[in-house]
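J.: Before I ask anything, let me first share the structure, which is written out below as structure tokens.
Taken together, the values in this text are just the output of simple stated rules run on the coordinates, not laboratory data. Everything quoted here is computed from the prediction, not taken from an experiment. Cβ placement follows ideal geometry from the backbone for every residue including glycine, while neighbour counts extend to all protein chains displayed.
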Amino acid sequence: MYFEDLAVVHDAGFGDLARRAAPEIVRLLRARGIRSGRVVDVGCGSGIAARHFLERGYDVVGIDASNAMIRLARRRAPRARFRVASIDRAVLPPCDAVTAIGEVVTYVGGGLPAITRFFRRARAALRPGGLLVFDFMESAAKRTYAAKSFEGPGWALASRATLDAAGRVLTRRIAIVRTIAGRVRRARETHRVRIYRRTEIADALARAGFRARMSRSYGRYRLPSGDVVVIATPE
């Protein structure tokens, strides 16, 4: 997912969630006494949140499965360290916070067992007093649509979102058109987002050694319908 064309378009037109969540996460970290140290940003995308964390005095390690996203992130936040790895396999270095902004955990293949393994790796990486902060989708209500289109300088995107019969997988089919040096390039991607109940995520966190608080917002920034923020503390 997020090959070059979609990575560029997402960075240009769809970075608002990371841009608005990052300041609220910094406020949360400082309120918990984490005013410096290392933040591991899993699913870092094009580095929008990573740059904000850097500018607020944190050391940042960004991890993403997309080579194209990591290239963008390195240009945006050259003082951070970035590497390509999938969330279900990434080795997390010792840190004071792990973040995963933008439904990152719901893209994990392998379902709840794989997510639980990620939580355990996060637990092992966190220093005493550290936090795991992420969001996930608990409902696809108001998140399906027949067609949507967006445009920006040199690009256009069209997508549709459908829900499976069991109501547990949201599928987004995305078509991208980019104009580069007068030439038109087209690409398509299909993304599948798994939907989890709060109790499922809470149980997985407990099995990994966390206690968690859930809400609908990162501080003052309320997430789209159906998404939940989790603030998890090692027990």
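J.: Using helices alone, I'd like the mean residue ellipticity at 222 nm for the chain: each DSSP H run of four-plus residues gives -39500 (n - 2.57), total over residue count, nearest 500.
T.: -9000 deg cm²/dmol
J.: Compute the distribution of all C-alpha to C-alpha distances in the stretch 145-194, in bins of 5 Å from 0, and list the percent of pairs in each, rounded to whole numbers.
T.: 5, 20, 24, 19, 14, 9, 6, 3, 1
J.: In addition: Report, largest value first, the span of the C-alpha coordinates of the stretch 83-209 along each principal axis, in whole Å.
T.: 53, 38, 21
J.: Arrange 41, 5, 16 by Cβ neighbour counts within 10 Å, fewest through most, would you?
T.: Taking fewest neighbouring Cβ atoms as first place, the list is 16, 5, 41.
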